[in-house]
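I have placed the structure first, in the form of structure tokens, so that the comments after it can refer back to it.
The values are calculated or read from the model by the stated rules, or taken from the named source; none is laboratory data. Note that the coordinates shown come from a computational prediction; the quantities given were computed from them, not determined experimentally. Cβ placement follows ideal geometry from the backbone for every residue including glycine, while neighbour counts extend to all protein chains displayed.
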Amino acid sequence: MRRFTLIVVGLAFAFCALAFATDKPSVVPYNTQPAKAAPIKIKTRKETRVSFTGIVKEISDTTVMVERSVKGNVETMEFALDKPVENIKAGDKVKVSYVKKEGKNIARKVAPVVAKRIMKKAVPAKDIKPAPVEATPSKK
């Protein structure tokens, strides 16, 4: 009986597989025009922005030279400016943000560094006692 059940199940499986294996006509009509190529996206490298603080040695409408010290070594760097900067002159301390393009340093932002004010806390007086008031004798 077991053998008979296995044969029936096997034949049923074979007939079902043949039904799905028949060749069906394509539902999608044939397109005579060639497919358009998808536009190729070229990945551009993100600009790496570098910033540092230094002292302006020379400035013009198109360039700025800034001196900075790194681990005791002093180096002067020259930057091309996108647009002229205002209110900055030689000797000012500035923060420069720049990128490297085609071997040139191009300053994106040149901003003066504002010195931070340090607020000192008021020191509380220690054990200040008021001066004793002399009692005046009362008159009777």
### Message
Looking at the structure I just gave you, is residue 47 of a type in the set (Asp, Glu), surrounded by 13 or more Cβ atoms within 10 Å (Cβ to Cβ) and in contact with a strand residue (DSSP E or B) (Cβ under 6 Å, 6 or more places away or on another chain)?
### Response
no
### Query
When the residues of segment 89-103 are filtered to those that are in contact with a strand residue (DSSP E or B) (Cβ under 6 Å, 6 or more places away or on another chain) and of a type outside the set (Val, Ile, Thr), which remaining residue is surrounded by the most Cβ atoms within 10 Å (Cβ to Cβ)?
98
### Summary
The number of residues in segment 61-118 that are out of contact with any Gly (no Cβ under 8 Å at 6 or more places or on another chain), of a type in the set (Asp, Glu) and assigned to a strand (DSSP E or B) is 2
### Message
Could you go through segment 76-87 and let me know if any residue there is more than 26 Å from the chain's Cα centre (by Cα) and modelled with pLDDT of 90 or more.
### Response
yes
### Query
So, in segment 1-57, of the ones that are under 30 Å from residue 96 (Cα atoms) and of a type in the set (Gly, Ala, Ser), which residue ends up modelled with the lowest pLDDT?
51
### Task
Scan segment 50-101 for residues that are touching a Lys or Arg at 6+ places or on another chain (Cβ under 9 Å) and among the hydroxyl-bearing types (Ser, Thr, Tyr) and jot them down.
51, 53, 76, 97, 98
### Message
Cβ contacts < 6 Å: first residue closer than 19 Å to residue 99 by Cα, restricted to segment 67-88; second residue aliphatic (A, V, I, L, M) and outside any strand (DSSP E or B), any location; separation 6+ or different chain. Result?
### Response
none
